[in-house]
Amino acid sequence: MTTKQSKAADIVIKNCLGVKKGEKVVIITDKPCRAVGVILWERLRQVTDPIFVEIEPRQIHGQEPPALVSEILKKSHVFIMPTSKSLSHTRARIEACRNGTRGVTMPGITLAMFERTINVDYKRITHLTVKIARLLSRAKQASITTRYGTRLDLHLSSRHGYIDTGFTKKPGQFSNLPAGEAYIAPLEAYSHGTIAIDGSFAPIGLLDTKVLLEIEKGQITNIHGHRKLKSIFAKYGKRERTLCEFGVGTNYQAKITGEVLEDEKVRGSIHVAFGNNLGFGGKNKARIHLDGVIKAPNVWLDEKLIIKKGKFLI
């Protein structure tokens, strides 16, 4: 374990989660992310008596973990989940938090990402994230344009902006790590337009060329530029093809790497996701949650331009 890895683990355990002596803490991991899980477990042993659980890697982001894991989560005070596929928007995670368990998910976390993006000033990130979330909560509409001439309009009325700042010290709180985004569930049936995804797309990873998504009445109607992505969505129904999230990245240390966990946190980037959004104020129950990241966008909230070519104007 390097000094940077040890420091990052302590930031997760002490600064973000505030783990106390005697708390029931569980680490859920899988083989691709085991190295990060072991580092966290070793440092947790200095504070409490943690449980380490390794599961088979899920096939896609948002797929439920084994039923026994769901029960373990509910009976824990704290969870940390470095897994290759995201468990963030699973029923297991949502129900655990409703039961009072607090915790963080780290889908696709690598050792390099762990060292670089966890060792940041989360108070600095929180300031911008809260500001963006408040703007999202007040806005009735968001409009996104890209360098490729695409435009996507989202309706936000009555929906609340959420923050992902890494701080999860109260019962029921949840965050991604690395953290750094403000996000919202747009009204599911009203998104329309075309969006160019040019950063990364879960579960594809880094994109060599842009992917164009045509969206009508909140659902993907056409996909241009990536056969594999098209075949993935073809396996699912309307709920999985529904635009469920709009997010804005605020982490100044994050960069586009192909791991959506980090990519969606890049300061000035945005992302849209498709599938389940029950965990943050939406109404779409789906079997997956897949994010697409857009670099250097222009973003309007109502009539105010807040991001121009990836740079904040607020």
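What is the spin-label model distance, in nm, from Lys21 to Lys230 if the labels are put 7 Å beyond Cα along the C-beta direction?
The two pseudo-label positions are separated by 6.1 nm.
Helix-derived [θ] at 222 nm for the chain: sum -39500 (n - 2.57) over DSSP H runs of at least 4, divide by residue count, nearest 500? If you can, show how the numbers build up before the last one.
Working: 8 runs with 72 residues, N = 314.
Rounded to the nearest 500, the figure is -6500 deg cm²/dmol.
Measuring from label point to label point, each 7 Å out along Cα→Cβ, what is the Arg138 to Lys31 span in nm?
5.1
Pick from Ser269, Ser143, Ser158: which is most flexible by mean-square fluctuation in a GNM of the chain where alpha carbon atoms under 10 Å apart are linked?
For the chain, modelled as a Gaussian network with Cα springs under 10 Å, the answer is Ser158.
Given +1 on the Cβ of Lys and Arg, -1 on the Cβ of Asp and Glu, and no further charges, what dipole in debye does the range 3-118 carry about its Cα centre, rounded to the nearest 20?
Details: 19 positive and 11 negative charges, 63 e Å.
Roughly 300 debye, rounded to the nearest 20.
Would you list Tyr183, Tyr122, Tyr236 from fewest to most Cβ contacts within 10 Å? Intermediate values should be presented prior to the final figure.
On the way: Tyr183 26, Tyr122 21, Tyr236 16.
The most exposed by this proxy come first: Tyr236, Tyr122, Tyr183.
Once the piece of chain linking Asp49 and Lys169 is laid out straight, how much longer is it, given 0.36 nm per residue of separation minus the C-alpha distance between them? Let's see the in-between values first.
Working: separation 120, 0.36 × 120 = 43.20 nm, distance 1.83 nm.
Contour length minus Cα-Cα distance gives 41.4 nm.
Could you give the distance between the Cα centres of the range 121-168 and the range 1-75, to the whole Å?
That distance is 29 Å.
Which of the pairs Lys14/Lys311; Lys85/Lys230; Lys85/Lys308; Lys140/Lys308 have their Cα atoms more than 22 Å apart in this structure?
Working: Lys14/Lys311 32 Å; Lys85/Lys230 19 Å; Lys85/Lys308 32 Å; Lys140/Lys308 20 Å.
Over 22 Å apart, Cα to Cα: Lys14/Lys311; Lys85/Lys308.
Among Asn298, Asn276, Asn222, which one shows the biggest mean-square fluctuation in a GNM of the chain, springs joining Cα atoms closer than 10 Å?
In this elastic network of the chain, the residue with the biggest mean-square fluctuation among Asn298, Asn276, Asn222 is Asn222.
Could you tell me the ratio Rg/Rh of the range 156-314? Both radii from Cα atoms, Rh via Kirkwood.
On the Cα set of the range 156-314, Rg over Rh gives 0.94.
Determine the gain in length on full extension of the stretch Glu214-Tyr190; use 0.36 nm per residue of separation and subtract their C-alpha separation, reporting nm with one decimal. All intermediate terms of the calculation are to be shown ahead of the outcome.
Numbers: separation 24, 0.36 × 24 = 8.64 nm, distance 1.31 nm.
Length difference between fully extended and current span is 7.3 nm.
Kindly identify the range 3-118 as rounded, prolate or oblate by the Cα gyration tensor criterion: order the square roots of the eigenvalues as a ≥ b ≥ c, call it rounded if a/c is under 1.5, otherwise compare a/b with b/c, prolate if a/b is larger, else oblate. Can you show the working numbers first?
Values: a/c = 1.77, a/b = 1.16, b/c = 1.52.
Oblate is the answer for the range 3-118, as a/c is 1.5 or above yet b/c matches or exceeds a/b.
What list do you get for Leu213, Leu135 if you sort them by fewest beta carbons within 10 Å?
Leu135, Leu213
Express the C-alpha Rg of the chain as a ratio against the empirical globular expectation 2.2 N^0.38 Å, rounded to two decimals.
Details: Rg = 18.3 Å, N = 314, 2.2 N^0.38 = 19.6 Å.
Here the Cα radius of gyration is 0.94 times the empirical estimate.
Would you list which aspartates and glutamates come within 13 Å of Lys238, measuring only between C-alpha atoms, while excluding same-chain residues fewer than 8 positions from it?
Glu188, Glu216
A short reminder: the numbers here are calculations on the coordinates, not readings from a lab. Note that this is a predicted model, so its numbers are computed, not measured. Note that each Cβ is placed from the backbone with ideal geometry, even for glycine, and that neighbours are counted across all protein chains shown.
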